[in-house]
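Below you'll find the structure, written out as structure tokens, and then a few comments.
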Amino acid sequence: MNTWFEHLRGYFPAREMKKESHMEGLFEDKSGEYKLDKSDQHTMVYFEKPDYVFIDYVLIDSSARGSGLGSRLIHKMKKKGKLVLAEVDPISENDPASAKRVRFYENNGFQKAPSISYVRQHPQTEERSEMDIFYWAPEPVSEEFVLEKMRDAYEEVHAYESERHYGKKPQTAEEVLRVLENAEKPR
């Protein structure tokens, strides 16, 4: 098992983790798009297309938290000059660190897409995972554009060869990512 994968698995809940074989397949088959940026102090996995970047995982080692390393990594993604997407756990009383993660993205210029619902059942654990979609763009974009790119990222990354890695068909992007009818629109 790769050290970087062990670090991710030790931090992220099982309902958010891919199998190592799934990630290795992505690195191999989508080598120009699915990328690993790592050091002794961080692991970041992201998927890059011509018009967006999807941050799949970002983990800063506990010894480096608060040093600005996470913000520097996000700045590196923003310098690409395209939409940057992230799935972020909603703030929860059961997870005090959730508010810190949301603040991290907000402090780095990201905004929540309030009209986009993300609810997924993990293909292996079958746990339900609900996430908020946060994004940064160099110029204003519509939430419809954000939704379109998140659906693409879901199909390209999360659903990639699901049957081979998990033995079942993945949920469709339309089942996982939906527009909330009564969502409060940003001002």
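Look at the stretch 1-54 and say how many of its residues are acidic (Asp, Glu), farther than 30 Å from Val141 by Cβ and in contact with a strand residue (DSSP E or B) (Cβ under 6 Å, 6 or more places away or on another chain).
Of the residues in the stretch 1-54, 0 are acidic (Asp, Glu), farther than 30 Å from Val141 by Cβ and in contact with a strand residue (DSSP E or B) (Cβ under 6 Å, 6 or more places away or on another chain).
Among what's in the stretch 159-174 and is among the polar types (S, T, N, Q) and surrounded by 13 or more Cβ atoms within 10 Å (Cβ to Cβ), pick the residue that is farthest from Met17 (Cα to Cα).
Gln171
Residue-by-condition table, conditions (1) in contact (Cβ under 8 Å) with a residue 60 or more places away in the chain; (2) of a type in the set (A, V, I, L, M, F, W, C); (3) at positive phi:
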position	(1), (2), (3)
Leu73	no, yes, no
Lys100	no, no, no
Gln124	yes, no, no
Ser142	no, no, no
Tyr154	no, no, no
Lys169	no, no, no
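Please work out if Arg128 is at pLDDT below 95 and more than 21 Å from Glu24 (Cα to Cα).
yes
Kindly indicate whether Lys80 is outside any helix (DSSP H, G or I), under 26 Å from Glu139 (Cβ atoms) and either out of contact with any Pro (no Cβ under 9 Å at 6 or more places or on another chain) or in contact (Cβ under 8 Å) with a residue 24 or more places away in the chain (or both).
So Lys80 fits the description; yes.
Report the residue count in the stretch 7-48 for those that are more than 22 Å from Asp95 (Cα to Cα), touching a residue at least 60 places away in the same chain (Cβ under 8 Å) and within 14 Å of the chain's Cα centre (by Cα).
2
Every residue in the stretch 83-107 that is of a type in the set (Gly, Ala, Ser) and either part of a strand (DSSP E or B) or buried (at least 18 other Cβ atoms within 10 Å of the Cβ) (or both), please.
Filtering the stretch 83-107 for residues of a type in the set (Gly, Ala, Ser) gives 86, 92, 97-99.
Selection gives Ala86, Ser92.
Would you say Ser115 is among the polar types (S, T, N, Q), touching an Asp or Glu at 6+ places or on another chain (Cβ under 6 Å) and touching a residue at least 60 places away in the same chain (Cβ under 8 Å)? Give the derivation first.
Numbers: among the polar types (S, T, N, Q): yes; touching an Asp or Glu at 6+ places or on another chain (Cβ under 6 Å): yes; touching a residue at least 60 places away in the same chain (Cβ under 8 Å): yes.
Yes, satisfied.
The values are calculated or read from the model by the stated rules, or taken from the named source; none is laboratory data. Computed from a prediction, not measured in an experiment: that's the story for all the values here. Every residue, glycine among them, receives a Cβ derived from its backbone with ideal geometry; neighbour counts consider all protein chains shown.
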